[in-house]
Amino acid sequence: MAPSQQDQPDILIGVDGGGSGCRIAMTRGAQRWDHQSGPANLASDFTGALERLAQGLRDLAAKAGLSFEAIEEASVFMGLAGVLSPQEGAAVARHLPFTKIRIDNDRVAALAGAFGGGSGTLAGIGTGSFLIRQDGARQRAIGGWGLALGDEASGAWLGRAALARTLAAADAMGQASDLTRRLSAEFSGSCEKIAHFGAAAGPENFAAFAPMVFEAADARDPLALALLGEGAAWIEKGLGVLGWTPGEALCLTGGIGPRYGNYLPAPARAALVAPKATALDGALALARALAAER
């Protein structure tokens, strides 16, 4: 006899949505399905992020051989970049069909994955940036405010700053370097093309240039080293604001977070640990906790 719906294990869905991509996972008992869709930053593109999120969930259901309606009873936790308040999380939830859903920012899921519910401090540096610390039952976070007013040290911040310095060098208002010459060549040497790009670019577009900054820094380019020094100084200051002390576990996560390790002071480098799990795993763990609240 086939098991009834009540006999089926809970469906859990976790979402880690960032400025460069949205990662979604679903479990049912011992089975797990994963899917990746496009950027899901609610602050920079609310409508587009919602559309990509909904499509990603449909695609994930299809991978599991289920209809979209079949997963509406799932317990869902979404950690989404750009969700800055409970009201914004509730606004997202109203656009989705789930009956048991919790939406918070991506910082919470990253922390849950990195330390498995234990204490520690995490710097999540990808397209955007944030720092968050768990001390017993207390959590405190800084950053995550978006590129227009923040996201220091992030990939988007690095890319935009490098392009700005490239224009300054072209105007003889700043020092040229191999990095500025390489970036200029990307736009056929045209300052006008750089300016038009910058006017229309989103965070993920700026972040695409961040790898060039790290490559240039590896070659000891002075401009690249200065930019990474600024980013590392922001991380170091944030650690102090959060109350991090030497010896306390410190994780660097996100697309470029681990690359900042060599630019931090010795006490921070000595405290670096690998995350126990990913932000997506953290989102699933929080979905599991939500399911247990019945």
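The values are calculated or read from the model by the stated rules, or taken from the named source; none is laboratory data. Everything numeric here is computed off the predicted structure, so don't read it as measured data. With ideal geometry, Cβ positions are generated from the backbone for all residues, glycine too; neighbour counts draw on all protein chains shown.
If I ask for residues that are touching a strand residue (DSSP E or B) at 6+ places or on another chain (Cβ under 6 Å) and assigned to a helix (DSSP H, G or I), which ones from the stretch 54-82 would you list?
G56, D59, L60, K63, I71
Among the numbered conditions (1) small (G, A, S); (2) under 29 Å from the mean Cα position of the chain (by Cα); (3) buried (at least 16 other Cβ atoms within 10 Å of the Cβ), tell me where A195 comes up short.
For A195, the exception is condition (3).
What number of residues within the stretch 32-52 satisfy the criterion of being part of a loop (DSSP other than H, G, I, E, B) and buried (at least 20 other Cβ atoms within 10 Å of the Cβ)?
Number satisfying all stated conditions: 6.
Answer yes or no: is there a residue in the stretch 83-96 that is modelled with pLDDT under 80 and closer than 17 Å to L57 by Cβ.
yes
Output yes when any residue across the stretch 255-262 is over 30 Å from I194 (Cβ atoms), assigned by TED's automatic domain parsing to the domain that holds L131, touching a Pro at 6+ places or on another chain (Cβ under 9 Å) and touching a residue at least 12 places away in the same chain (Cβ under 8 Å), and no when none is.
Checked against the condition, which is being over 30 Å from I194 (Cβ atoms), assigned by TED's automatic domain parsing to the domain that holds L131, touching a Pro at 6+ places or on another chain (Cβ under 9 Å) and touching a residue at least 12 places away in the same chain (Cβ under 8 Å), the stretch 255-262 yields no hits at all.
List pairs: first in the stretch 190-204 and over 14 Å from T166 (Cα atoms), second surrounded by 15 or more Cβ atoms within 10 Å (Cβ to Cβ) and among the acidic types (D, E), Cβ under 9 Å, 6+ apart or cross-chain?
Cβ pairs passing all conditions: G202/D45; P203/D151.
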